[in-house]
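Take a look at the structure set out below.
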Amino acid sequence: MCWADLLLLPAAPYRLAAFPFAALFHHLCATGHLSLTARYIFLLAGGCLLAGTAMGSYAVLLLIPAAGSVLVLLSVSPARAHTWVFALQMSWQTLCHLGLSRQELNLQDARPAITLSTIMLLTQKATSLGLDIHEGVVLLQQGQGLLQRVLPLCSYLLFFPALLGGPLCSFSRFRAQVESSEALPCRLRAVGQRCLCALALQGLRARLAAGLAGGQGCAGLGCLPCLWARALLLRLAYYMHWVLDEALLEAAGFGPEAGQGDLSLHDLWMLETTHRLAVFARTWNKSTSRWLRRLVFQRCPAQPLLATFAFSAWWHGLRPGQVFGFLCWAVMVEADYRIHPFLSAWATSQSVKLLYRGTTWVFTQLIVAYILVAVETESFSMLCLLWTSCNSILPLSYGLTLMLLLLVKKPKQN
(Lines give C-alpha, C1' and ligand atoms only; values in the text may rest on other atoms or scores of the structure.)
Protein backbone atom coordinates (compact mmCIF):
# COMPACT_ATOMS: atom_id res chain seq x y z
CA MET A 1 0.00 0.00 0.00
CA CYS A 2 1.47 3.36 -1.04
CA TRP A 3 1.54 6.66 0.84
CA ALA A 4 -1.45 7.98 -1.10
CA ASP A 5 -3.62 4.99 -0.15
CA LEU A 6 -2.40 5.07 3.45
CA LEU A 7 -3.37 8.73 3.71
CA LEU A 8 -6.54 8.94 1.64
CA LEU A 9 -8.43 5.76 2.44
CA PRO A 10 -8.41 6.04 6.28
CA ALA A 11 -8.94 9.82 6.24
CA ALA A 12 -11.88 9.73 3.82
CA PRO A 13 -14.54 8.79 6.44
CA TYR A 14 -13.48 11.70 8.66
CA ARG A 15 -13.76 14.10 5.72
CA LEU A 16 -17.22 12.80 4.89
CA ALA A 17 -18.28 13.02 8.55
CA ALA A 18 -17.29 16.71 8.59
CA PHE A 19 -19.67 17.63 5.76
CA PRO A 20 -22.83 17.97 7.92
CA PHE A 21 -20.99 20.17 10.42
CA ALA A 22 -19.62 22.32 7.58
CA ALA A 23 -23.11 22.77 6.15
CA LEU A 24 -24.47 23.52 9.63
CA PHE A 25 -21.80 26.15 10.20
CA HIS A 26 -22.57 27.89 6.93
CA HIS A 27 -26.31 27.77 7.56
CA LEU A 28 -25.96 29.26 11.04
CA CYS A 29 -23.74 32.02 9.67
CA ALA A 30 -26.09 32.78 6.79
CA THR A 31 -29.10 33.00 9.12
CA GLY A 32 -27.27 35.19 11.65
CA HIS A 33 -27.37 32.73 14.54
CA LEU A 34 -23.62 32.89 15.20
CA SER A 35 -21.75 35.94 16.36
CA LEU A 36 -18.23 36.55 15.06
CA THR A 37 -16.66 35.14 18.22
CA ALA A 38 -18.97 32.13 18.11
CA ARG A 39 -17.94 31.45 14.50
CA TYR A 40 -14.27 31.34 15.43
CA ILE A 41 -15.03 29.09 18.40
CA PHE A 42 -17.17 26.77 16.23
CA LEU A 43 -14.38 26.36 13.67
CA LEU A 44 -11.69 25.89 16.32
CA ALA A 45 -13.72 23.43 18.40
CA GLY A 46 -14.60 21.49 15.26
CA GLY A 47 -10.92 21.29 14.34
CA CYS A 48 -9.92 20.02 17.78
CA LEU A 49 -12.74 17.47 17.74
CA LEU A 50 -11.83 16.27 14.25
CA ALA A 51 -8.14 16.04 15.20
CA GLY A 52 -8.94 13.99 18.30
CA THR A 53 -11.24 11.68 16.36
CA ALA A 54 -8.93 11.10 13.39
CA MET A 55 -5.59 11.06 15.23
CA GLY A 56 -6.35 10.01 18.79
CA SER A 57 -3.49 10.77 21.16
CA TYR A 58 -1.32 11.82 18.21
CA ALA A 59 -3.41 15.01 18.02
CA VAL A 60 -1.12 16.43 20.72
CA LEU A 61 1.63 16.53 18.10
CA LEU A 62 -0.55 18.91 16.09
CA LEU A 63 -1.76 21.11 18.94
CA ILE A 64 1.74 21.80 20.29
CA PRO A 65 3.14 23.50 17.14
CA ALA A 66 -0.16 25.31 16.56
CA ALA A 67 -0.03 26.82 20.05
CA GLY A 68 3.69 27.51 19.67
CA SER A 69 3.20 29.34 16.37
CA VAL A 70 0.47 31.55 17.84
CA LEU A 71 2.69 32.35 20.82
CA VAL A 72 5.58 33.26 18.50
CA LEU A 73 3.43 35.45 16.27
CA LEU A 74 2.14 37.41 19.24
CA SER A 75 5.55 37.71 20.92
CA VAL A 76 8.10 38.59 18.26
CA SER A 77 8.29 41.63 16.02
CA PRO A 78 6.70 41.46 12.56
CA ALA A 79 10.15 41.60 10.94
CA ARG A 80 11.13 38.34 12.65
CA ALA A 81 7.75 36.59 12.64
CA HIS A 82 8.37 34.52 9.53
CA THR A 83 11.87 33.38 10.56
CA TRP A 84 10.78 32.17 13.98
CA VAL A 85 7.60 30.47 12.77
CA PHE A 86 9.45 28.77 9.91
CA ALA A 87 12.16 27.47 12.27
CA LEU A 88 9.59 26.23 14.79
CA GLN A 89 7.33 24.50 12.28
CA MET A 90 10.02 22.82 10.18
CA SER A 91 11.99 21.68 13.24
CA TRP A 92 8.91 20.16 14.84
CA GLN A 93 7.72 18.63 11.58
CA THR A 94 11.14 17.06 10.94
CA LEU A 95 11.18 15.57 14.44
CA CYS A 96 7.70 14.15 13.87
CA HIS A 97 8.75 12.67 10.53
CA LEU A 98 11.75 11.02 12.15
CA GLY A 99 9.78 9.79 15.15
CA LEU A 100 6.79 8.44 13.24
CA SER A 101 8.58 7.20 10.12
CA ARG A 102 8.14 3.54 11.06
CA GLN A 103 4.76 3.83 12.74
CA GLU A 104 3.13 5.56 9.77
CA LEU A 105 3.66 2.44 7.62
CA ASN A 106 1.51 0.34 9.95
CA LEU A 107 -1.48 -0.71 7.87
CA GLN A 108 -3.52 -1.37 11.03
CA ASP A 109 -3.12 2.16 12.38
CA ALA A 110 -3.22 5.08 9.94
CA ARG A 111 -3.24 7.77 12.66
CA PRO A 112 0.51 8.54 12.38
CA ALA A 113 0.23 9.10 8.62
CA ILE A 114 -2.83 11.33 9.03
CA THR A 115 -1.05 13.25 11.79
CA LEU A 116 2.03 13.89 9.66
CA SER A 117 -0.07 15.05 6.73
CA THR A 118 -2.00 17.44 8.99
CA ILE A 119 1.21 18.84 10.48
CA MET A 120 2.49 19.49 6.94
CA LEU A 121 -0.68 21.46 6.18
CA LEU A 122 -0.26 23.35 9.47
CA THR A 123 3.26 24.30 8.36
CA GLN A 124 1.80 25.75 5.16
CA LYS A 125 -0.71 27.90 7.02
CA ALA A 126 1.67 29.03 9.77
CA THR A 127 4.50 30.02 7.40
CA SER A 128 2.05 31.71 5.03
CA LEU A 129 0.69 33.76 7.93
CA GLY A 130 4.22 34.53 9.11
CA LEU A 131 5.09 35.85 5.65
CA ASP A 132 1.90 37.94 5.56
CA ILE A 133 2.84 39.55 8.89
CA HIS A 134 6.47 40.01 7.82
CA GLU A 135 5.41 41.72 4.57
CA GLY A 136 2.75 43.87 6.23
CA VAL A 137 -0.17 42.17 4.48
CA VAL A 138 -1.65 41.21 7.87
CA LEU A 139 -1.52 43.56 10.84
CA LEU A 140 -2.13 42.14 14.30
CA GLN A 141 -4.14 44.66 16.27
CA GLN A 142 -2.23 45.53 19.44
CA GLY A 143 -5.11 47.35 21.10
CA GLN A 144 -7.43 44.35 21.24
CA GLY A 145 -7.79 41.97 24.15
CA LEU A 146 -5.82 38.75 24.29
CA LEU A 147 -8.82 36.60 23.37
CA GLN A 148 -9.65 38.75 20.33
CA ARG A 149 -6.06 38.40 19.13
CA VAL A 150 -5.53 34.71 19.87
CA LEU A 151 -8.88 33.29 18.77
CA PRO A 152 -8.70 34.17 15.02
CA LEU A 153 -5.12 32.88 14.78
CA CYS A 154 -5.91 29.56 16.49
CA SER A 155 -9.08 29.18 14.47
CA TYR A 156 -7.21 29.79 11.22
CA LEU A 157 -4.52 27.22 11.98
CA LEU A 158 -6.98 24.52 13.12
CA PHE A 159 -10.35 25.23 11.46
CA PHE A 160 -11.93 21.89 10.64
CA PRO A 161 -12.84 22.25 6.91
CA ALA A 162 -9.13 22.57 6.04
CA LEU A 163 -7.60 20.49 8.83
CA LEU A 164 -7.10 17.24 6.88
CA GLY A 165 -6.61 18.80 3.46
CA GLY A 166 -7.71 21.51 1.13
CA PRO A 167 -6.06 24.31 -0.85
CA LEU A 168 -4.13 26.81 1.22
CA CYS A 169 -6.31 29.74 2.25
CA SER A 170 -4.64 32.98 3.29
CA PHE A 171 -5.42 34.41 6.71
CA SER A 172 -6.86 37.57 5.16
CA ARG A 173 -9.31 35.59 3.02
CA PHE A 174 -10.16 33.30 5.93
CA ARG A 175 -10.98 36.25 8.17
CA ALA A 176 -13.01 37.96 5.44
CA GLN A 177 -15.05 34.81 4.80
CA VAL A 178 -15.69 34.22 8.50
CA GLU A 179 -17.05 37.74 8.78
CA SER A 180 -19.31 37.35 5.72
CA SER A 181 -22.55 35.41 5.29
CA GLU A 182 -23.10 34.13 1.76
CA ALA A 183 -26.17 32.36 0.42
CA LEU A 184 -26.18 28.58 0.96
CA PRO A 185 -27.98 27.15 -2.15
CA CYS A 186 -25.22 28.20 -4.56
CA ARG A 187 -22.65 26.53 -2.32
CA LEU A 188 -24.68 23.31 -2.16
CA ARG A 189 -24.72 23.13 -5.94
CA ALA A 190 -20.94 23.49 -6.10
CA VAL A 191 -20.56 20.90 -3.34
CA GLY A 192 -22.75 18.45 -5.23
CA GLN A 193 -20.80 18.91 -8.44
CA ARG A 194 -17.50 18.30 -6.69
CA CYS A 195 -18.80 15.23 -4.87
CA LEU A 196 -20.05 13.74 -8.13
CA CYS A 197 -16.65 14.43 -9.66
CA ALA A 198 -14.95 12.69 -6.73
CA LEU A 199 -17.29 9.71 -7.12
CA ALA A 200 -16.49 9.47 -10.82
CA LEU A 201 -12.75 9.64 -10.13
CA GLN A 202 -13.04 6.92 -7.50
CA GLY A 203 -15.01 4.71 -9.89
CA LEU A 204 -12.40 5.19 -12.59
CA ARG A 205 -9.64 4.44 -10.12
CA ALA A 206 -11.36 1.27 -8.90
CA ARG A 207 -11.78 0.02 -12.47
CA LEU A 208 -8.14 0.73 -13.26
CA ALA A 209 -6.96 -0.96 -10.05
CA ALA A 210 -9.03 -4.05 -10.82
CA GLY A 211 -7.66 -4.20 -14.35
CA LEU A 212 -4.10 -3.78 -13.10
CA ALA A 213 -4.52 -6.49 -10.47
CA GLY A 214 -6.00 -8.96 -12.95
CA GLY A 215 -3.59 -8.23 -15.79
CA GLN A 216 -1.45 -11.06 -17.14
CA GLY A 217 1.25 -8.86 -18.64
CA CYS A 218 4.50 -7.76 -17.13
CA ALA A 219 4.61 -6.55 -13.56
CA GLY A 220 7.02 -4.72 -11.30
CA LEU A 221 9.07 -1.56 -11.53
CA GLY A 222 10.84 -2.75 -14.68
CA CYS A 223 7.67 -2.77 -16.75
CA LEU A 224 6.89 0.51 -18.49
CA PRO A 225 3.09 0.02 -18.88
CA CYS A 226 2.83 -1.18 -15.27
CA LEU A 227 4.76 1.85 -14.03
CA TRP A 228 2.55 4.23 -15.99
CA ALA A 229 -0.62 2.53 -14.67
CA ARG A 230 0.63 2.75 -11.08
CA ALA A 231 1.34 6.45 -11.52
CA LEU A 232 -2.14 6.98 -12.99
CA LEU A 233 -3.64 5.31 -9.92
CA LEU A 234 -1.69 7.72 -7.72
CA ARG A 235 -2.82 10.74 -9.74
CA LEU A 236 -6.47 9.67 -9.57
CA ALA A 237 -6.15 9.22 -5.80
CA TYR A 238 -4.82 12.74 -5.37
CA TYR A 239 -7.41 14.20 -7.75
CA MET A 240 -10.20 12.64 -5.67
CA HIS A 241 -8.53 13.87 -2.49
CA TRP A 242 -8.35 17.47 -3.74
CA VAL A 243 -11.93 17.49 -5.07
CA LEU A 244 -13.32 16.24 -1.73
CA ASP A 245 -11.26 18.80 0.18
CA GLU A 246 -12.58 21.66 -1.94
CA ALA A 247 -16.15 20.32 -1.61
CA LEU A 248 -15.81 20.39 2.19
CA LEU A 249 -14.53 23.96 2.08
CA GLU A 250 -17.41 24.92 -0.22
CA ALA A 251 -19.91 23.37 2.19
CA ALA A 252 -18.57 25.55 5.01
CA GLY A 253 -18.53 28.69 2.85
CA PHE A 254 -14.76 28.83 2.34
CA GLY A 255 -14.66 28.21 -1.38
CA PRO A 256 -11.37 29.21 -3.04
CA GLU A 257 -11.07 32.19 -5.32
CA ALA A 258 -11.42 31.58 -9.05
CA GLY A 259 -8.35 29.71 -10.23
CA GLN A 260 -6.95 29.37 -6.69
CA GLY A 261 -8.14 25.83 -5.93
CA ASP A 262 -6.09 22.69 -6.36
CA LEU A 263 -8.18 21.06 -9.08
CA SER A 264 -10.72 22.32 -11.59
CA LEU A 265 -11.85 20.65 -14.82
CA HIS A 266 -9.44 22.92 -16.68
CA ASP A 267 -6.59 21.88 -14.36
CA LEU A 268 -7.47 18.21 -14.78
CA TRP A 269 -7.41 18.58 -18.55
CA MET A 270 -4.14 20.49 -18.40
CA LEU A 271 -2.45 17.89 -16.20
CA GLU A 272 -3.38 15.01 -18.46
CA THR A 273 -2.81 16.67 -21.84
CA THR A 274 0.19 18.98 -21.38
CA HIS A 275 3.38 18.15 -23.24
CA ARG A 276 5.44 20.40 -20.95
CA LEU A 277 6.77 19.01 -17.69
CA ALA A 278 7.14 22.54 -16.32
CA VAL A 279 3.43 23.19 -16.90
CA PHE A 280 2.58 19.96 -15.10
CA ALA A 281 4.76 21.00 -12.14
CA ARG A 282 3.02 24.39 -11.87
CA THR A 283 -0.48 22.90 -12.19
CA TRP A 284 0.00 19.92 -9.89
CA ASN A 285 -1.28 20.78 -6.39
CA LYS A 286 -1.48 24.48 -7.28
CA SER A 287 -1.86 25.96 -3.81
CA THR A 288 1.26 24.11 -2.62
CA SER A 289 3.11 25.19 -5.76
CA ARG A 290 2.22 28.84 -5.08
CA TRP A 291 3.26 28.44 -1.44
CA LEU A 292 6.64 26.96 -2.44
CA ARG A 293 7.16 29.71 -5.01
CA ARG A 294 6.51 32.40 -2.43
CA LEU A 295 8.39 30.72 0.42
CA VAL A 296 11.49 29.49 -1.42
CA PHE A 297 11.69 30.28 -5.14
CA GLN A 298 11.17 34.04 -4.89
CA ARG A 299 13.43 34.37 -1.83
CA CYS A 300 16.37 32.20 -2.93
CA PRO A 301 19.25 34.19 -4.50
CA ALA A 302 20.93 31.21 -6.21
CA GLN A 303 19.53 28.12 -7.93
CA PRO A 304 15.92 28.83 -6.86
CA LEU A 305 14.48 25.90 -8.83
CA LEU A 306 16.77 23.34 -7.23
CA ALA A 307 16.28 24.92 -3.80
CA THR A 308 12.48 24.77 -4.19
CA PHE A 309 12.42 21.08 -5.04
CA ALA A 310 15.00 20.30 -2.34
CA PHE A 311 12.87 22.06 0.25
CA SER A 312 9.80 20.21 -1.03
CA ALA A 313 11.64 16.93 -0.35
CA TRP A 314 12.41 18.15 3.17
CA TRP A 315 8.81 19.21 3.74
CA HIS A 316 7.56 15.81 2.56
CA GLY A 317 9.83 13.92 4.96
CA LEU A 318 13.25 13.30 3.32
CA ARG A 319 12.72 9.61 2.61
CA PRO A 320 15.14 8.23 -0.01
CA GLY A 321 12.39 8.04 -2.62
CA GLN A 322 11.31 11.62 -1.92
CA VAL A 323 14.84 13.01 -2.08
CA PHE A 324 15.55 11.17 -5.32
CA GLY A 325 12.14 11.92 -6.83
CA PHE A 326 12.07 15.66 -6.12
CA LEU A 327 15.70 16.23 -7.18
CA CYS A 328 14.99 14.28 -10.35
CA TRP A 329 11.91 16.45 -10.85
CA ALA A 330 14.05 19.59 -10.53
CA VAL A 331 16.48 18.34 -13.18
CA MET A 332 13.63 17.33 -15.49
CA VAL A 333 11.93 20.74 -15.20
CA GLU A 334 15.20 22.54 -15.89
CA ALA A 335 15.72 20.30 -18.92
CA ASP A 336 12.15 21.00 -20.02
CA TYR A 337 12.79 24.75 -19.97
CA ARG A 338 15.79 24.32 -22.28
CA ILE A 339 14.75 21.43 -24.53
CA HIS A 340 11.36 22.72 -25.67
CA PRO A 341 12.54 26.06 -27.10
CA PHE A 342 15.18 24.11 -29.02
CA LEU A 343 12.65 21.57 -30.37
CA SER A 344 9.88 24.07 -31.11
CA ALA A 345 12.27 26.07 -33.29
CA TRP A 346 12.58 23.03 -35.56
CA ALA A 347 8.84 22.33 -35.66
CA THR A 348 7.87 24.61 -38.53
CA SER A 349 5.28 22.61 -40.48
CA GLN A 350 1.95 21.44 -39.07
CA SER A 351 2.87 17.76 -39.34
CA VAL A 352 6.17 18.28 -37.54
CA LYS A 353 4.43 20.30 -34.82
CA LEU A 354 1.94 17.48 -34.35
CA LEU A 355 4.76 14.95 -34.10
CA TYR A 356 6.63 17.22 -31.69
CA ARG A 357 3.64 17.68 -29.36
CA GLY A 358 2.64 14.02 -29.47
CA THR A 359 6.14 12.75 -28.76
CA THR A 360 6.81 15.21 -25.95
CA TRP A 361 3.39 14.41 -24.43
CA VAL A 362 4.38 10.74 -24.23
CA PHE A 363 7.75 11.69 -22.76
CA THR A 364 6.05 13.94 -20.16
CA GLN A 365 3.63 11.18 -19.17
CA LEU A 366 6.45 8.65 -18.72
CA ILE A 367 8.70 11.03 -16.77
CA VAL A 368 5.82 12.08 -14.50
CA ALA A 369 5.04 8.40 -13.90
CA TYR A 370 8.68 7.74 -13.04
CA ILE A 371 8.85 10.65 -10.60
CA LEU A 372 5.55 9.86 -8.85
CA VAL A 373 6.45 6.20 -8.35
CA ALA A 374 9.89 7.22 -7.08
CA VAL A 375 8.41 9.68 -4.56
CA GLU A 376 5.95 7.04 -3.33
CA THR A 377 8.66 4.36 -3.01
CA GLU A 378 9.18 3.68 0.70
CA SER A 379 12.26 1.41 0.77
CA PHE A 380 15.75 2.03 -0.55
CA SER A 381 15.86 -1.42 -2.14
CA MET A 382 12.74 -0.69 -4.22
CA LEU A 383 14.24 2.64 -5.23
CA CYS A 384 17.35 0.82 -6.45
CA LEU A 385 15.15 -1.51 -8.50
CA LEU A 386 13.49 1.49 -10.08
CA TRP A 387 16.80 3.20 -10.76
CA THR A 388 18.31 0.12 -12.45
CA SER A 389 15.20 -0.59 -14.55
CA CYS A 390 14.69 0.43 -18.18
CA ASN A 391 12.34 3.17 -16.97
CA SER A 392 15.39 5.27 -16.06
CA ILE A 393 16.47 5.59 -19.70
CA LEU A 394 14.21 8.54 -20.49
CA PRO A 395 15.03 10.61 -17.35
CA LEU A 396 18.73 9.90 -17.93
CA SER A 397 18.37 11.03 -21.54
CA TYR A 398 16.75 14.28 -20.40
CA GLY A 399 19.55 14.81 -17.90
CA LEU A 400 22.27 14.20 -20.47
CA THR A 401 20.52 16.48 -22.95
CA LEU A 402 20.41 19.21 -20.31
CA MET A 403 24.16 18.84 -19.74
CA LEU A 404 24.84 19.07 -23.48
CA LEU A 405 22.69 22.18 -23.86
CA LEU A 406 24.43 23.80 -20.90
CA LEU A 407 27.83 23.05 -22.44
CA VAL A 408 26.78 24.36 -25.84
CA LYS A 409 25.47 27.63 -24.41
CA LYS A 410 28.29 28.07 -21.93
CA PRO A 411 30.14 31.35 -22.68
CA LYS A 412 33.71 31.04 -23.87
CA GLN A 413 36.44 31.86 -21.39
CA ASN A 414 38.95 34.55 -22.50
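Annotation: SER351 fulfils all but one of (1) in a helix (DSSP H, G or I); (2) over 21 Å from TYR398 (Cα atoms); (3) under 23 Å from the mean Cα position of the chain (by Cα); the unmet one is (3).
Can you confirm whether ALA278 is open to solvent by 30 Å² or more (accessible area, probe 1.4 Å) and either closer than 17 Å to LEU372 by Cα or touching an Asp or Glu at 6+ places or on another chain (Cβ under 6 Å) (or both)? Against the criterion (open to solvent by 30 Å² or more (accessible area, probe 1.4 Å) and either closer than 17 Å to LEU372 by Cα or touching an Asp or Glu at 6+ places or on another chain (Cβ under 6 Å) (or both)), ALA278 does not qualify. The numbered conditions (1) closer than 20 Å to ALA281 by Cβ; (2) open to solvent by 20 Å² or more (accessible area, probe 1.4 Å); (3) in contact (Cβ under 8 Å) with a residue 40 or more places away in the chain; (4) not hydroxyl-bearing (Ser, Thr, Tyr) are all true for PRO395 except (2). Go over the candidates ALA335, ALA313, ALA345 one by one and state the one that is under 15 Å from LEU394 (Cα atoms) and either small (Gly, Ala, Ser) or open to solvent by 70 Å² or more (accessible area, probe 1.4 Å) (or both). Criteria check complete, one pass: ALA335.
Just one residue in the set PHE25, PHE42 is of a type outside the set (S, T, N, Q), open to solvent by 30 Å² or more (accessible area, probe 1.4 Å) and farther than 17 Å from LEU122 by Cα; that residue is PHE42. Among the residues of region 47-84, just one is among the β-branched types (Val, Ile, Thr) and open to solvent by less than 20 Å² (accessible area, probe 1.4 Å), namely VAL70. Might you let me know whether region 347-364 holds any residue that is touching a Cys at 6+ places or on another chain (Cβ under 6 Å) and within 18 Å of ALA229 (Cα to Cα)? Within region 347-364, none of the residues are touching a Cys at 6+ places or on another chain (Cβ under 6 Å) and within 18 Å of ALA229 (Cα to Cα).
Restricting region 185-232 to residues that are basic (Lys, Arg) and at pLDDT 85 or above, the residue that is farthest from ILE371 (Cα to Cα) is ARG194. Of the residues ARG235, ARG294, ARG290, the single one that is open to solvent by less than 10 Å² (accessible area, probe 1.4 Å), under 30 Å from PHE160 (Cα atoms) and either at pLDDT 90 or above or assigned to a loop (DSSP other than H, G, I, E, B) (or both) is ARG235.
Scanning region 381-401 for residues that are more than 21 Å from VAL362 (Cβ to Cβ) and not hydrophobic (A, V, I, L, M, F, W, C) yields a total of 2.
Among the residues of region 70-103, the ones that are under 21 Å from the mean Cα position of the chain (by Cα) and not in a loop (DSSP other than H, G, I, E, B) come to 16 in all.
Against the definition (among the β-branched types (Val, Ile, Thr) and within 19 Å of SER155 (Cα to Cα)), how does ILE64 come out, yes or no? Judged against the criteria, ILE64 is a match.
When we screen LEU227, LEU306, LEU244 for residues that are in a helix (DSSP H, G or I), surrounded by fewer than 20 Cβ atoms within 10 Å (Cβ to Cβ) and in contact (Cβ under 8 Å) with a residue 24 or more places away in the chain, the only hit is LEU306.
Within the set LEU318, LEU383, LEU327, the sole residue that is outside any helix (DSSP H, G or I) and either over 12 Å from LEU277 (Cβ atoms) or within 18 Å of the chain's Cα centre (by Cα) (or both) turns out to be LEU318.
The values are calculated or read from the model by the stated rules, or taken from the named source; none is laboratory data. The structure presented is a predicted model; accordingly, all values stated were derived computationally and were not measured. Here the Cβ is made from the backbone with ideal geometry for all residues, glycine too, and neighbour counts use every protein chain on show. When the accessible area is computed, the model is the full protein with side chains, heavy atoms only, and any ligands, DNA or RNA have been set aside. Shrake-Rupley method; radii C 1.70, N 1.55, O 1.52, S 1.80 Å.
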